[in-house]
Structure formats: C-alpha cells, structure tokens
Amino acid sequence: MDLKESRRLARRYIETITASNPNPTGPQILHPPDGQTPSTAALVEHLGLPHLEGDKLQIYESLVTLETYLAQIPSLGPDPREQSAATFLREWVANAILPSEAFAERPLYSAAARSELSPDDVAKARAMGVKGLLLLSHLRRLDPPPQDGPDGPDTAVLTCLAAFSDKNDPWNSSNAQEQASNLIKDYTRSSHLPSMLTSILQKRIKALFSRTVNPAITPQGRKAINPRPSNITMHSDLDAEMKPWKFRDVYIITVFRWVLQCLDKSSVQANWPLITPPLLALIDDSSLEYKITGCNSLFNLLEKCPSALLERTGLGEVFEDAVMPCLSYLPSLTEEPDSLRILGAAYPVLIQLALARFPDERKYAARIKALDRVLRNGIVKGYAHAGDHVKIAELLVHQTTRLVNEMGTEFVRHLKYILPLLSANLASPFATVYPPLLQASVISIQAIIVNHWPRMSYHRGEIMRGLSTCWCRIKDCEVESKEHLQIQQGMENAMRLLQAVLQSDVDVAEDYQILVDSDPRLRDLLVA
C-alpha cells in the first residue's frame with residue numbers, strides 16, 4: 001500500500017478545489033496498486049491518525065485518502081482490531097471536520113494572530129466537510145452505531161452531524177447538510193436519543209458556556225434571590241477564553257439549536273439547568289446575531305416548556321428582563337435591516353412568553369399586565385423613533401394587531417394612543433408609496449373594531465378620517481396596482497364592520513352622506 005503516493009494524489013485533488021470549482025471530479029485514481037484493499041486498522045496505523053494534530057492540509061489529505069479506500073471495503077473483518085479502528089475513526093472524523101476557529105468572530109481589540117479564510121479556503125473546508133460526512137456514511141455501513149448507550153464516540157458523531165444541520169452556516173453546504181440529515185436519522189430514531197442529547201448538553205455545550213455566567217440565575221436553573229453583579233461584562237468581548245462558543249467553537253450554537261429542536265417536554269424539564277445558561281448568554285450577548293439566535297431559540301423552547309416550570313424556577317421574569325431591551329434596537333442607532341431582524345425575533349418571543357407564563361384564566365390579570373409592558377415599552381416607544389422607516393412601522397403595526405387580539409377588551413385603554421398612529425399611517429401624503437404599511441394598518445383597524453365595538457361610537461371619527469383620506473389618495477394614483485385594490489377592499493370591509501357595530505348607537509348614514517357630499521370619490525367606500 002503506497003500511502004505516500006496516495007497522499008500526493010490527495011493533495012493534488014485538494015489543490016484543485018477553489019471557490020470557482022468547489023466540486024472537482026475525483027480523486028478516482030486513488031486505488032490500491034496491488035488490487036487489494038487495506039484493512040481499516042492498517043489505514044489508521046499507516047496514516048498516523050492518533051498523532052495527527054493541527055496541520056489542516058494533512059488532515060484533509062487523510063480524509064480524502066480514507067474516504068476513497070473505505071468506499072471499496074465491503075465489510076469489516078472478524079478481527080477485533082477492525083471494530084476498534086472503526087470506532088476510533090468515527091470519533092476522529094467527527095472532530096476533524098468540525099468548523100475551525102477561523103469561522104468564528106475575532107475578539108474585539110484582539111492582538112492574537114488568526115488566519116483569515118480566503119474564498120478558496122472556505123471552498124476547501126466545505127468540500128472536506130462533505131468528504132468527512134461521506135466517510136461517516138461508509139463507517140455506518142461497515143459498523144452501525146451501537147445501541148447500548150449515549151457515551152463514547154457517538155456523542156462526538158452526533159455533535160458533528162448537528163453542526164452541519166443548518167445549511168446557512170458559512171462552513172456548510174447543501175450537500176453536507178443533506179449528508180448530515182441522512183446520517184442523523186439513525187440517532188433520532190434511537191431510544192437513547194434523550195440520553196445522547198443530555199450528554200451533548202453536559203459534555204459539549206456546558207463546557208463551552210461555563211465561563212459566561214449569568215448572575216440572575218443559580219446553577220440549578222432558578223432565579224437568583226440576591227443576584228451578584230456580573231464581573232465578566234467588561235472583558236467578555238475582549239477575551240476569547242471568556243466566550244469560546246463565540247470566538248472559537250462557533251459551531252456549538254448550531255448544535256445547541258438542534259438539541260433544543262429535538263428535546264421533548266419531559267427532556268426540557270430534566271435538562272433545564274443545562275439549557276438556560278446558554279440561552280441567556282446568547283440573548284445577553286452584545287452581538288446582534290447572537291441576540292437574534294437567542295430570541296428564536298427561546299421562542300422554540302417556550303412551545304415545549306410547561307408554565308409550571310417557568311413559575312417554579314422564576315425564570316419567566318428573567319427571560320422577560322433579558323429580551324425586553326431588544327425592543328430598543330431602533331433606527332437610527334441601529335441600521336434598519338438589523339432592527340427589523342431583532343424586533344422580528346423579540347416581539348413574538350415576548351408575547352409567547354406572556355402566554356406561556358400565564359396560560360389560564362386564573363392568571364388573566366398577570367398575562368394582560370405582561371402584554372401591556374410589551375405594548376408600552378415596545379410599540380408606543382418604537383413608533384416615537386420609527387420616523388420615516390416605513391418597514392419598522394409595518395412591523396410594529398403587525399405586532400399591534402397581535403396584541404389587540406391577545407388582549408381583547410383590555411386593549412381599550414390604549415386606543416387613544418394607537419388609533420391616531422394607525423390613522424396617521426393611512427393619511428400620510430406618501431402612504432401609497434409603500435402599500436404593505438397601509439395593508440397592515442387596515443387589518444389592525446379591523447381587529448380593533450371587532451374587539452372593541454362598544455367603544456367605536458367614540459372613536460369612529462379617527463377611523464373614518466384615516467380610511468377616507470387613504471381612499472382618496474389611492475383614487476388619485478395614476479395607476480392602481482393590485483396591492484392598492486386589495487387595500488381598498490380591506491377599507492370597504494372595515495367601513496362595513498364599523499357601520500354594523502354602530503347601528504344600535506349611532507346612525508352613521510348621515511355621517512357618510514356628509515363625507516360623500518364633500519368628496520364624491522368616497523361614494524364607493526361609504527355607500528353600499
């Protein structure tokens with residue numbers, strides 16, 4: 001077996017992988033010269049894998065060589081050394097193809113040298129990820145995963161597969177994600193999956209988040225009675241050792257998200273002390289990307305989290321305190337695209353948190369109070385800073401509609417603030433330039449009419465002002481688009497709703513006729 005020649009050919013193949021040619025053909029020439037495939041144990045020994053560390057090119061060469069040879073092995077021999085070699089290879093490959101530190105953020109003001117990945121380097125890393133996953137597929141065929149427990153190399157393999165579960169990660173590709181998805185099915189069908197998930201949380205995730213301590217919670221995952229001031233805030237973004245999950249082993253965030261998706265309700269309770277510290281570390285991080293990841297992860301967790309657990313541990317309030325500052329990421333201090341992303345993650349999780357903490361009617365008042373805080377600290381203040389950012393205003397209107405429906409009649413105290421804002425959106429001189437904001441505002445007004453019909457006799461003037469002005473502006477447009485027609489239909493429905501709920505209190509026909517006499521363009525809107 002001429003492994004020296006095999007390595008040379010593997011290196012030549014790796015050199016052909018570039019950003020413009022990420023999937024070159026080959027290496028089909030790597031075959032045993034004598035026609036006899038070497039044993040797995042012999043490959044491990046001759047490649048020197050137990051002593052191979054650090055040199056990325058040598059690791060890549062070994063992956064290519066191993067994948068080519070193992071693809072030709074029909075089965076493992078009866079020799080116990082073959083089983084041991086396959087077990088070793090699974091763990092070695094799983095660790096070898098994990099994304100390197102170069103994919104992680106660089107610590108602020110860091111003077112430490114760190115190689116920057118060129119587009120060709122990224123292409124090589126992605127290609128080797130695919131090679132490694134193919135190699136794991138060969139090993140699964142030769143030596144199926146054991147079913148006797150969660151410990152051993154299969155925790156490492158499952159961690160590796162989870163690291164390739166999100167194709168949007170910079171180290172991942174659609175081919176790698178597909179390979180990982182196929183391999184991971186063996187584990188998700190296993191009765192030992194809960195134990196393996198706990199093992200990943202305990203041995204991998206906890207170890208990387210151990211220095212990112214949140215003083216608001218205890219090691220048992222409960223709210224701290226007398227939280228101590230944090231001593232890591234000043235230095236945490238300056239020192240890579242404080243946040244290895246951010247500055248070194250960045251793949252662990254993807255692994256953590258995947259673990260949360262796999263946990264069921266009973267597993268969430270059993271692993272609560274292992275879940276909450278990483279979750280809060282992400283939400284509290286200074287980086288917007290990690291805050292968004294933390295909010296989205298918390299939203300998914302709340303769907304599986306019993307309200308009794310939040311109440312018993314006191315972490316419902318801790319989560320709210322952590323997420324609420326995200327509502328202040330508004331223009332112009334935050335770029336509009338970034339603001340849309342963080343607000344789009346924070347509002348749903350805060351609303352879901354209020355519903356999860358107080359699900360039944362016995363805690364109705366507490367639920368309304370929590371939703372009220374979201375409205376006052378988020379929607380109202382957000383409008384004050386939205387300015388001309390119509391996409392921000394659209395997002396706030398959508399969240400307002402959600403709050404109207406969730407709060408029901410309790411929203412009535414906010415009508416005097418919210419209705420003028422919605423009416424202003426509709427009456428703006430440039431409103432027709434961005435139809436989605438008009439559509440969202442009309443839908444929100446419809447929700448208000450349905451939920452607060454007893455108060456519409458008092459607020460009908462504000463509603464009619466906004467709808468009438470918007471109708472006229474659309475009529476003045478030279479070309480009425482499909483979106484404009486949908487908005488007009490929505491306004492007609494809103495007017496019909498308003499007329500229906502006012503029939504017993506006010507005769508709106510007279511009001512409508514006055515408006516039509518003043519502007520005939522309103523006839524189609526106001527006259528059935």
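When the range 493-521 is examined, which residues are found to be touching a residue at least 12 places away in the same chain (Cβ under 8 Å) and more than 14 Å from Ser468 (Cβ to Cβ)?
Scanning the range 493-521 gives Asn493, Arg496, Leu497, Val501, Leu502, Asp505, Val506.
Looking only at helices (runs of 4 or more DSSP H) that lie completely in the range 322-406, which have at least 3 residues being surrounded by fewer than 22 Cβ atoms within 10 Å (Cβ to Cβ), without any contact (Cβ under 8 Å) to a residue 12 or more places away in the chain and out of contact with any strand residue (DSSP E or B) (no Cβ under 6 Å at 6 or more places or on another chain)?
Details: elements: 336-357, 364-374, 381-386.
So the answer is 364-374.
Looking only at the range 301-313, decide whether some residue is at pLDDT 95 or above, of a type in the set (Lys, Arg) and in a helix (DSSP H, G or I).
Checked against the condition, which is being at pLDDT 95 or above, of a type in the set (Lys, Arg) and in a helix (DSSP H, G or I), the range 301-313 yields no hits at all.
Could you check Ser286 against (1) outside any loop (DSSP other than H, G, I, E, B); (2) small (Gly, Ala, Ser); (3) surrounded by fewer than 19 Cβ atoms within 10 Å (Cβ to Cβ) and say which number it fails?
(1)
Being within 25 Å of Leu415 (Cα to Cα) and either out of contact with any Ser or Thr (no Cβ under 9 Å at 6 or more places or on another chain) or not in a helix (DSSP H, G or I) (or both) is true for just one of Arg523, Arg460. Which residue is that?
Arg460
For the range 487-508, give me each residue that is in contact with a helix residue (DSSP H, G or I) (Cβ under 8 Å, 6 or more places away or on another chain) and more than 22 Å from Asp476 (Cβ to Cβ). Steps first, answer last, please.
As a first pass, look at the range 487-508 and keep what is in contact with a helix residue (DSSP H, G or I) (Cβ under 8 Å, 6 or more places away or on another chain): 487-488, 490-495, 497-499, 501-502, 505-506, 508.
Result: Leu497, Leu498, Gln499, Val501, Leu502, Asp505, Val506, Val508.
Can you confirm whether Ala370 is at negative phi, over 22 Å from the mean Cα position of the chain (by Cα) and modelled with pLDDT under 95?
no
Within the range 463-509, take every residue that is part of a loop (DSSP other than H, G, I, E, B) and closer than 27 Å to Arg413 by Cα and give me the one that is farthest from the chain's Cα centre (by Cα). Working first, answer last.
First, the residues of the range 463-509 that are part of a loop (DSSP other than H, G, I, E, B): 477-481, 503-507.
Now narrow it down to the ones that are closer than 27 Å to Arg413 by Cα: 503-507.
Working: Gln503: 47, Ser504: 49, Asp505: 48, Val506: 49, Asp507: 51 Å.
The residue in question is Asp507.
Inside the range 17-133, counting only helices (runs of 4 or more DSSP H) that do not spill past its ends, which hold 3 or more residues that are under 23 Å from Arg7 (Cβ atoms) and modelled with pLDDT of 90 or more?
56-70, 80-96
The values are calculated or read from the model by the stated rules, or taken from the named source; none is laboratory data. Since we're looking at a predicted model, the values are computed, not measured. With ideal geometry, Cβ positions are generated from the backbone for all residues, glycine too; neighbour counts draw on all protein chains shown.
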